[in-house]
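Beneath this line is the structure, given in structure tokens, with notes to follow.
The values are calculated or read from the model by the stated rules, or taken from the named source; none is laboratory data. In this text, all values refer to a predicted model and were calculated from it rather than measured experimentally. Note: ideal-geometry Cβ built from the backbone for every residue, glycine included; neighbour counts use all protein chains shown.
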């Protein structure tokens, strides 16, 4: 290791009832790729948020280039040449790449030597130059809203480079990327190191860390387990240290699957579906598929390729432009949302806080959100409030939903995992033949993630038809029976999951159909 | 538990009232007058305290009933605001809907010469339904054409004001009063010139309807299927649509109902509290009702209390002006301040409740407090718990 | 015909500058229904300045007129800080805050106009008499048929408004502050991440909207009403909001909307006048711009795209 550029000594951070970081110490050398490995909830993000000035530690100190620093705000962190790419990008969507990059530090010129104005044109040249130097391939004049996730992420990287950041923190940077995009990002990260930058990579994906990282700190439940030289350690050992037990490295589940012949009757049949997106362009084009009883049919793809629109169209939230959707043989293409719920469609939406729940409503009301009109919840025009309480009590027990007492407290105060469990409980209890899961485990800690996948697999076992949409390829490989790969609103390939390779799926996700 | 919750919900309006009264006192002091005298003047003028002397045939009860007479349309108007708010909409066109309903009822029933027994139910019916139409139009513009309800209701306010002024001036004007011709006594929803024990009273019997409506509205909000849907649409349109509710229908129903209450406010105002319409003006009541409803925390029962307060301010202001020498307009100033402070309810609540969380939050975020610190901590707590329990097994 | 143009412009341009104020506020992410109250309060402070200083300046001097606009801007700007504080600091419902500010403005200005008239001049009245601004005509150009009307009997403030609006455009689209302001209305998190205070940018935007509304209100006080009185609250603030919604939160289309409203209003007046029917009909004519606004909004609101973060309370803790 070369001289230390970042030293974290005895960092402790407590939240009420939990210690997020417990006496964590390590130092990072200039010009290395340092990975921080751990499960969701292990304290990785908290630790890096402390380094980036978003939290103050309760104990310990931070040294940057050997000097003790009190990093009280992200602004201070930027002054110390620290940059961070968050999971949620902070970009102004109606601005161009360059405008986003210079925001907050805009160079200006004077018009006719008088009126000062922001020099966007001149900045574009600098952005181009930076982009070329690090192999980022970004067009400085493009609007953010026209770019895909990977492109937007590269803009975030450019933002750091434009501010001459030397220490670059990446928070789970590959969560939303295809395998090919991931490969490109890892190459960029290596490029950055080769240009003398120090990179801190937060991840729970061993493969990536193994591929690029020089050293790696492993966190488990807030404690530092060990610091390893990555090239000299095998992944099985790293995985064991991260989880605290043995885990299969291959994402594919070992549980036996029902062969194709065992699937039951067709529940959902989609034929030649076309849907317009919110911006008025064709989001889904001529998509056909069927989902049978006992089958998990997964749609793989990069976010924004029409998946949400397919789910919304099936659930009745998006208008079917052409084509036919039928459920158990009945054409439901023009049915109302309510009629479809009645016919047997349950839907766990991607945006759980803005679509799946009414955050200001109590948990009990949210659990009954699709049943409130029917007995025992309502008799005629009036509600029976006792039934709400009883129902909430039962579901809270059965699905282990915490954080809302006996169901009278608003769901706003609940954790993300419990909110998701509440939605899944509500949808499963509909007893529908078809259940649509969109990104069901996004942002959940590993415990909740396992619970959710168990519930999904249990429903499959009960003979439900399941439509799974996920941007996480690992999840799809782990759960799906059949996988369809969507690109630009069209299915490029539909196949049983065992007869398609990860690389193939990855290629189709990028829109590559041949070779 | 329940008692404490009620107390808690009362603390915010209490603080809003105290702040407003403090501002009231400061302004009165600034004009060189005595705030205590002004305050007592308001209470005396609105009948809650005895005056030093009364004109012949009047007494304290006369004043009380006059205040109740004004309270009746105020109750309806505030309910109109509260119903719309429940459905996620701002009905700031209550004044216009009042005028429309008042005008339609005046020209259809007011001048008909019908006996009370027939006229009263007809006035109530015509008032409510014409108000509902006016409100429904705003709802229609919103759900069909995506027109912001605040802008459209203001435009309708002006349109009603001018167009009705035109009709009154051309056809129904009383050349002496410059108002519309007075409606008959038999039609007027407030019984005037009632003599009891030598005192003269105005009996606003429709207040009973208003109070019943408040209770019914509360039941509607908390116990009815439609009320549940309406609140769901009001809180989160996308989730409501996802749950299978018709957002459009709920917006329409909300504005229909809100307009109906505004219509009832209109008839109890123009064919009750007054007996004629002054062309070219809108009643300020539709706007005061926003203050009343928000002071009452948009709760039908809270509105009754807030209505008494706001109406008393208005009714007592003339008398206060006489004895304290303060301009009566200060009453509307105080009403404006009440609205301003109740708009800060979130912040007041936060300061009241968040004391403990605030201190922890400050430490955690180095002084940068964030309102959802509590939620974040809750989340951390939850995760911590599940983590611990997972550890046990 | 030329009267239609002259009167139309004198209504449309003040409306426009108020709408520009609204654009500033809403592009920064703060819903601003308070424009009506802001223009009234601005006109009040401007009018107050005029009546308090009458007699100090020589007869016919233009100085008090110019200064009154300055005071109107300061008054409107200062008063708008209430809205800014409520929305940015106290996390109030922005619609409710706007309505509160409007109601309070009517009450405050009415009350204090009485107090000042009674206290200083000994005559309780709800008006500050400030007279009508003189008009100017550009020699030569004004003789061109139709087009000439745009240069005839123009209030000087109309020219001022165009200059201010041009400057506002430059600030909003070409300066650092403008770039940051518009970013606040699209993604405040991005602005915060760039180390800039969202609260400050929004405070500034609301204050600017207050100042511009104040100027607009003063224009009305100098033209349509010829005084400061409760008559100043004729709904121009709401028309301005309609104009900016109609103009999709952009300045040039909003100007178009204002011109449509202005010309519709003056045309209706002239038609009513030329038909020589009873003066009552003028009430019907008065309702025309509002009817037109409603119709235009109904037809053109569907595809509107408001700033993404409009009305959203920005929470620093939220990521």
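For region A:436-459, does any single residue satisfy the condition of being closer than 19 Å to residue B:229 by Cα and in contact with a strand residue (DSSP E or B) (Cβ under 7 Å, 6 or more places away or on another chain)? Looking for residues that are closer than 19 Å to residue B:229 by Cα and in contact with a strand residue (DSSP E or B) (Cβ under 7 Å, 6 or more places away or on another chain), one finds none in region A:436-459, hence no.
Listed by position, the strands (runs of 3 or more DSSP E) contained in region A:267-384 that have at least 3 residues being over 27 Å from residue A:457 (Cα atoms) and over 28 Å from the mean Cα position of the chain (by Cα) are A:322-327.
Exactly one residue out of C:131, C:148 is over 18 Å from the mean Cα position of the chain (by Cα) and surrounded by 16 or more Cβ atoms within 10 Å (Cβ to Cβ): that is C:148. Region B:133-251 holds helices (runs of 4 or more DSSP H) entirely within its bounds, and those carrying 2 or more residues that are within 30 Å of residue C:248 (Cα to Cα) and in the same structural domain as residue B:299 (by TED's automatic domain parsing) map to B:149-167, B:225-235, B:237-242.
Tell me, please, whether a residue that is within 14 Å of chain A (Cβ to nearest Cβ) and assigned to a loop (DSSP other than H, G, I, E, B) can be found in region C:165-188. Yes - at least one qualifying residue is present in region C:165-188.
Here is a check on your reading of the model: is residue B:296 under 10 Å from the mean Cα position of the chain (by Cα), in contact (Cβ under 8 Å) with a residue 40 or more places away in the chain and farther than 30 Å from residue B:55 by Cβ?
Numbers: under 10 Å from the mean Cα position of the chain (by Cα): yes; in contact (Cβ under 8 Å) with a residue 40 or more places away in the chain: yes; farther than 30 Å from residue B:55 by Cβ: yes.
For residue B:296, the condition - under 10 Å from the mean Cα position of the chain (by Cα), in contact (Cβ under 8 Å) with a residue 40 or more places away in the chain and farther than 30 Å from residue B:55 by Cβ - is met.
Being at pLDDT below 90 and within 16 Å of the chain's Cα centre (by Cα) holds for only one residue in B:386, B:332, B:312, and it is B:332.
A single entry from B:242, B:274, B:269 fulfils the requirement of being farther than 28 Å from residue A:364 by Cβ and crowded, with 24+ Cβ neighbours inside 10 Å: B:269. Within region A:152-162, the presence of a residue that is at pLDDT 90 or above and more than 25 Å from residue C:198 (Cα to Cα) is excluded. For region C:218-225, does any single residue satisfy the condition of being free of Cβ contacts under 8 Å to residues at least 12 places away in the same chain, away from chain B (no Cβ under 14 Å) and either assigned to a helix (DSSP H, G or I) or under 23 Å from residue B:141 (Cα atoms) (or both)? No, there is no match, as no residue in region C:218-225 is free of Cβ contacts under 8 Å to residues at least 12 places away in the same chain, away from chain B (no Cβ under 14 Å) and either assigned to a helix (DSSP H, G or I) or under 23 Å from residue B:141 (Cα atoms) (or both).
Condition check ((1) in contact with a strand residue (DSSP E or B) (Cβ under 7 Å, 6 or more places away or on another chain); (2) under 22 Å from residue A:439 (Cα atoms)) across all residues:
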site: A:357; (1), (2): no, yes
site: A:363; (1), (2): no, yes
site: A:377; (1), (2): yes, no
site: A:382; (1), (2): yes, no
site: A:387; (1), (2): no, no
site: A:392; (1), (2): no, no
site: A:397; (1), (2): no, no
site: A:401; (1), (2): no, yes
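Answer with yes or no whether residue A:430 is in the same structural domain as residue A:275 (by TED's automatic domain parsing), part of a strand (DSSP E or B) and modelled with pLDDT of 90 or more. Taking the combined requirement at face value, the residue does not satisfy it.
Touching a helix residue (DSSP H, G or I) at 6+ places or on another chain (Cβ under 9 Å), closer than 16 Å to residue B:287 by Cα and either free of Cβ contacts under 8 Å to residues at least 24 places away in the same chain or more than 9 Å from chain B (Cβ to nearest Cβ) (or both): is that true of residue C:84 in this structure?
The answer is no for residue C:84.
Taking the listed residues C:295, C:310, the one that is assigned to a helix (DSSP H, G or I), under 30 Å from residue A:279 (Cβ atoms) and either at pLDDT 85 or above or more than 25 Å from the chain's Cα centre (by Cα) (or both) is C:295, with no other qualifying.
Of the residues making up region B:141-155, those that are in contact (Cβ under 8 Å) with a residue 12 or more places away in the chain, surrounded by 23 or more Cβ atoms within 10 Å (Cβ to Cβ) and facing chain C (nearest Cβ under 7 Å) are B:152, B:154. Among all residues of region A:346-355, there is at least one that is buried (at least 23 other Cβ atoms within 10 Å of the Cβ), in contact (Cβ under 8 Å) with a residue 12 or more places away in the chain, at the interface with chain B (Cβ under 9 Å from one of its Cβ atoms) and touching a strand residue (DSSP E or B) at 6+ places or on another chain (Cβ under 7 Å). Within the set B:298, B:320, the sole residue that is on the phi > 0 side of the Ramachandran plot and modelled with pLDDT of 90 or more turns out to be B:298. On inspection, residue A:387 qualifies as free of Cβ contacts under 8 Å to residues at least 60 places away in the same chain and either more than 22 Å from residue B:236 (Cβ to Cβ) or surrounded by 24 or more Cβ atoms within 10 Å (Cβ to Cβ) (or both). Elements of the type helices (runs of 4 or more DSSP H) sitting completely within region A:71-136 and holding at least 1 residues that are away from every other protein chain (no Cβ under 11 Å): these cover A:97-102, A:120-133. Counting the residues of region A:139-148 that are touching a helix residue (DSSP H, G or I) at 6+ places or on another chain (Cβ under 8 Å) and closer than 19 Å to residue A:302 by Cα gives 2.
Among the conditions (1) loosely packed, with under 15 Cβ neighbours inside 10 Å; (2) farther than 25 Å from residue A:284 by Cβ; (3) more than 12 Å from chain B (Cβ to nearest Cβ); (4) in contact with a helix residue (DSSP H, G or I) (Cβ under 7 Å, 6 or more places away or on another chain), residue A:425 misses just one, which is (1). Scanning for something under 23 Å from residue A:216 (Cα atoms), crowded, with 17+ Cβ neighbours inside 10 Å, modelled with pLDDT under 90 and within 24 Å of the chain's Cα centre (by Cα), does region A:58-78 turn up at least one residue? No, because not a single residue in region A:58-78 is under 23 Å from residue A:216 (Cα atoms), crowded, with 17+ Cβ neighbours inside 10 Å, modelled with pLDDT under 90 and within 24 Å of the chain's Cα centre (by Cα). Among the residues of region B:186-195, those identified as out of contact with any strand residue (DSSP E or B) (no Cβ under 7 Å at 6 or more places or on another chain) and surrounded by fewer than 19 Cβ atoms within 10 Å (Cβ to Cβ) are B:186, B:195. When residues in region C:101-141 are screened for being over 29 Å from residue B:335 (Cα atoms) and in contact with a strand residue (DSSP E or B) (Cβ under 9 Å, 6 or more places away or on another chain), 6 of them pass.
Out of A:191, A:195, which single residue is assigned by TED's automatic domain parsing to the domain that holds residue A:8, surrounded by fewer than 16 Cβ atoms within 10 Å (Cβ to Cβ), under 21 Å from residue A:64 (Cα atoms) and touching a helix residue (DSSP H, G or I) at 6+ places or on another chain (Cβ under 9 Å)?
When all the criteria are applied, what remains is A:195.
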